[in-house]
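Visitor: Here it is, the structure in full.
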10 protein chains.
Amino acid sequence: MLFAVRMTVRIPSDLNPEVRADLVAKEKEYARRLQREGEWLHLWRHAGKYANLSVFDVADNERLHEVLWNLPLFPYLEFEITPLAKHPSALA
Amino acid sequence: MLFAVRMTVRIPSDLNPEVRADLVAKEKEYARRLQREGEWLHLWRHAGKYANLSVFDVADNERLHEVLWNLPLFPYLEFEITPLAKHPSALA
Amino acid sequence: MLFAVRMTVRIPSDLNPEVRADLVAKEKEYARRLQREGEWLHLWRHAGKYANLSVFDVADNERLHEVLWNLPLFPYLEFEITPLAKHPSALA
Amino acid sequence: MLFAVRMTVRIPSDLNPEVRADLVAKEKEYARRLQREGEWLHLWRHAGKYANLSVFDVADNERLHEVLWNLPLFPYLEFEITPLAKHPSALA
Amino acid sequence: MLFAVRMTVRIPSDLNPEVRADLVAKEKEYARRLQREGEWLHLWRHAGKYANLSVFDVADNERLHEVLWNLPLFPYLEFEITPLAKHPSALA
Amino acid sequence: MLFAVRMTVRIPSDLNPEVRADLVAKEKEYARRLQREGEWLHLWRHAGKYANLSVFDVADNERLHEVLWNLPLFPYLEFEITPLAKHPSALA
Amino acid sequence: MLFAVRMTVRIPSDLNPEVRADLVAKEKEYARRLQREGEWLHLWRHAGKYANLSVFDVADNERLHEVLWNLPLFPYLEFEITPLAKHPSALA
Amino acid sequence: MLFAVRMTVRIPSDLNPEVRADLVAKEKEYARRLQREGEWLHLWRHAGKYANLSVFDVADNERLHEVLWNLPLFPYLEFEITPLAKHPSALA
Amino acid sequence: MLFAVRMTVRIPSDLNPEVRADLVAKEKEYARRLQREGEWLHLWRHAGKYANLSVFDVADNERLHEVLWNLPLFPYLEFEITPLAKHPSALA
Amino acid sequence: MLFAVRMTVRIPSDLNPEVRADLVAKEKEYARRLQREGEWLHLWRHAGKYANLSVFDVADNERLHEVLWNLPLFPYLEFEITPLAKHPSALA
């Protein structure tokens, strides 16, 4: 089941630089693992912004919540979430 | 070069039903042709809405304009356009 | 899987009264059938408005789309859709 | 009398972690008590967000105010409040 | 139980003038009757606008819905509804 | 001359608790004095929010400014101000 | 007593041209009369827009309402109204 | 003196096609003439939209108003106007 | 050349009181000087708010920028800027 | 390929003045270098604001991202990005 998620990153400028670097590294590792496992289907940067457009392929809403809630940068992220369905004009 | 485009369809309720059916059929044909040719990379329905999330892979801004401007339903579409770039955490 | 849906009804004031009455009657029948079948879990009126708050219990995003798209009043409805998950403080 | 309440949690990132943990624990206890007593009728998580959709069944506006005002996390919550009424298409 | 309601009137400019005059007259009669009966507690014009601020004193949300839904101009009104409670600094 | 004023209170969470308690006490005293003197005509709580709806009866705009500017909590208040006039459907 | 009023003109494109010309002429005459009488203190065009910024000097809110309500173009105007007071840094 | 102007075109779908074609042709002629005369400095299409970003170089606000007001499509255009000044980091 | 400027003051509550008092005094002196010199044509307080409506009469956009940029409170001000032109209904 | 970018600068008022001066100097140097190299085509100040309108001429979305991401003030900038295309009414 697909969900489009736009994430905007808002890390406070006074966050400890080491804490920040650690969180960003963990976020990268987390993103790569979920891509390899097939749940994080697409991950694109919004050109010119600290933001991304992602598409997730998860079992249900519960799993979507779990995946997003456990993002290492979760406290600094704003989400716009859109449930997706098959489009009648899409190729099979 | 990738662009995310959210399209919302607002066909006036007093549009002639035959004109409408014709436009919708042409839109479908147009969408399928661009998907086969590789420029319309993804096409998902927003669940529950007359709207979609599309990703286009085009040569440049000029071609993006041409592709959208020639949509048969163009006069009845609202677009939100986001240029995309490669994300540093995306798998190769 | 639960979704909260806020629906606002915007029927054009120049819609033929008989067409309107027919659509409203079909909408009621449709809503009652889906409630009996268990997919339309809750349906509350927004006090003072031509709008409602609904909770749907559907198999997945595809079914959510199908249920909303087939509402007899669909062309005149605005939707705000929120995927729901279990809350850790909710009683079992 | 029913009210739908959307709550978004905005705890400042510099809040003392012990104070925070204590408030969150008290909030959970408070939510469970009001659910057992029947005033907090529904409590769902917004999938992927630190937010919930709740439905309260209270005697009147005064009691609604009292219930929300006494939430342990009240200073960090944003509310969107909608008075609900019976819908003519709802099953009895 | 008190509710503040801001009403903005948007009568289409092509409404038949006699129909309009009739609706406005009925609206006035309705407003005066509810004021006499004590449910429409306050009614003020927004200076310079076709809009008003009203305070209703009704038994519950169901009655609030009934009162607003039956306004003769209901199809042309936009409502902003706020449930009110006693303020701790208000004089008894 | 009547003005409706919606006030939303936004006291920073790091304000010294004694300073805060002192300001809140002074605000209450100020509100009660102006109610007794007849300029603060109505004061209602927005149910569930740290906000109120007030109606002031003042000599002119200058006095409205003076009354609001001198609120002890003024630096932490957001105002939405609406000049009111007599409504043609209001009872005398 | 001063009020700043921003007016935006939205005349429907299908209004009868003669009716429109007549309304615009009456609006001009009305504006000039109130300027001569001293109540319409300033009237500036928003450069590039069918909109203006006006300052009125009226006795009270009732008179402000009367002045705006009687504008010949009233049904096609949107107003943003701001009560003004003397600024402490303004020259006498 | 420079002004950035974003123009969005909203021609009603029921406008007579000949009238429309005539207006669009006149708009093009008008735009080309002002470009040749040096007042319409830049004119770019918003990729994918019926909208443009223009930069005008005019004598003053009066002339800006005159230039925009006389656009053949003026009744169907929405403007966002920004006065520009020299940037301290711009090359001479 | 006239510009309407709405200024909203947002001084952080933790600004050093002496620094603040000094800035406010310099702002007053600056405003009075520009009024005497004829560039700051009007200065009104928004009744009940820490905000003002000003009208400036300056040579061009460059000078408008210079005047606003040099306001002692500039870092704490939000501006809404509107270029003005002569209105055809204004008295000479 | 052209992109219009509106940048608004929001430097926190508690940023160390030397750090700030250093960043602003580096930003200026960076802007001048990209202008000389032809990628930063236009750079105008929004009159009266700490903001600019820029037009970039870059190879593709990837390069746009690189150029903006490396702005020394990037963490304090808000961007509004618009892909541009040739306008049919623009002179060659």
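Visitor: Just need a number here: residues in the stretch E:59-92 that are in contact (Cβ under 8 Å) with a residue 40 or more places away in the chain, facing chain C (nearest Cβ under 10 Å) and either β-branched (Val, Ile, Thr) or in a helix (DSSP H, G or I) (or both).
Guide: Counting residues in the stretch E:59-92 that are in contact (Cβ under 8 Å) with a residue 40 or more places away in the chain, facing chain C (nearest Cβ under 10 Å) and either β-branched (Val, Ile, Thr) or in a helix (DSSP H, G or I) (or both) gives 4.
Visitor: If J:Ala92 meets every condition in (1) touching a helix residue (DSSP H, G or I) at 6+ places or on another chain (Cβ under 9 Å); (2) farther than 30 Å from I:Val55 by Cα apart from one, which number is that one?
Guide: The one condition J:Ala92 does not meet is (1).
Visitor: I would also like to ask the following. Has the stretch C:62-83 got any residue that is over 11 Å from the mean Cα position of the chain (by Cα) and of a type in the set (A, V, I, L, M, F, W, C)?
Guide: No: zero hits.
Visitor: Looking at G:Ala92, is it small (Gly, Ala, Ser) and over 27 Å from G:Val19 (Cα atoms)?
Guide: Yes.
Visitor: Here's something else I'd like to know. Which one of E:His46, E:His87 is at pLDDT 95 or above and in contact with a Lys or Arg (Cβ under 7 Å, 6 or more places away or on another chain)?
Guide: It is E:His87.
Visitor: Now, a different point. Would you be able to tell me the number of residues in the stretch J:2-42 that are within 10 Å of another protein chain (Cβ to nearest Cβ), of a type in the set (Asp, Glu) and within 11 Å of the chain's Cα centre (by Cα)?
Guide: Residues that pass the stated criteria total 1.
Visitor: Inside the stretch B:1-12, can you point out the residues that are part of a loop (DSSP other than H, G, I, E, B) and either surrounded by fewer than 17 Cβ atoms within 10 Å (Cβ to Cβ) or among the small types (Gly, Ala, Ser) (or both)?
Guide: B:Arg10, B:Pro12
Visitor: Also, I was wondering about something else. Considering only residues that are under 25 Å from B:Leu2 (Cβ atoms) and assigned to a helix (DSSP H, G or I), which ones fall in the stretch J:34-58?
Guide: J:Leu34
Visitor: Of the residues C:Glu78, C:Glu62, C:Glu39, only one is touching a helix residue (DSSP H, G or I) at 6+ places or on another chain (Cβ under 9 Å) and at pLDDT 95 or above; which?
Guide: Just one listed residue meets the conditions, C:Glu39.
Visitor: Which of the numbered conditions does F:Arg32 fail, given that it passes all the others? Conditions: (1) surrounded by fewer than 16 Cβ atoms within 10 Å (Cβ to Cβ); (2) in contact with a Phe, Trp or Tyr (Cβ under 8 Å, 6 or more places away or on another chain); (3) modelled with pLDDT of 95 or more.
Guide: Answer for F:Arg32: the failing condition is (2).
Visitor: So, F:Glu18, is that one crowded, with 16+ Cβ neighbours inside 10 Å, under 30 Å from D:Ser13 (Cβ atoms) and not hydrophobic (A, V, I, L, M, F, W, C) or not?
Guide: no
Visitor: If we scan the stretch D:13-33, do we find a residue that is assigned to a strand (DSSP E or B), within 25 Å of E:Leu84 (Cβ to Cβ) and touching a residue at least 24 places away in the same chain (Cβ under 8 Å)?
Guide: So far as the stretch D:13-33 goes, no, none of its residues is assigned to a strand (DSSP E or B), within 25 Å of E:Leu84 (Cβ to Cβ) and touching a residue at least 24 places away in the same chain (Cβ under 8 Å).
Visitor: Can I ask one more? Please go through the stretch H:43-58 and give me each residue that is away from chain B (no Cβ under 14 Å) and either acidic (Asp, Glu) or surrounded by fewer than 21 Cβ atoms within 10 Å (Cβ to Cβ) (or both), ordered by number.
Guide: Hits for the stretch H:43-58 are H:Val55, H:Asp57.
Visitor: For the stretch G:1-31, which positions are touching an Asp or Glu at 6+ places or on another chain (Cβ under 8 Å) and of a type in the set (Lys, Arg)?
Guide: G:Arg6, G:Arg10
The values are calculated or read from the model by the stated rules, or taken from the named source; none is laboratory data. This one's a predicted model, so the numbers in the text were calculated from it and none came from an experiment. Virtual Cβ from ideal backbone geometry, glycine too; neighbours counted across all protein chains shown.
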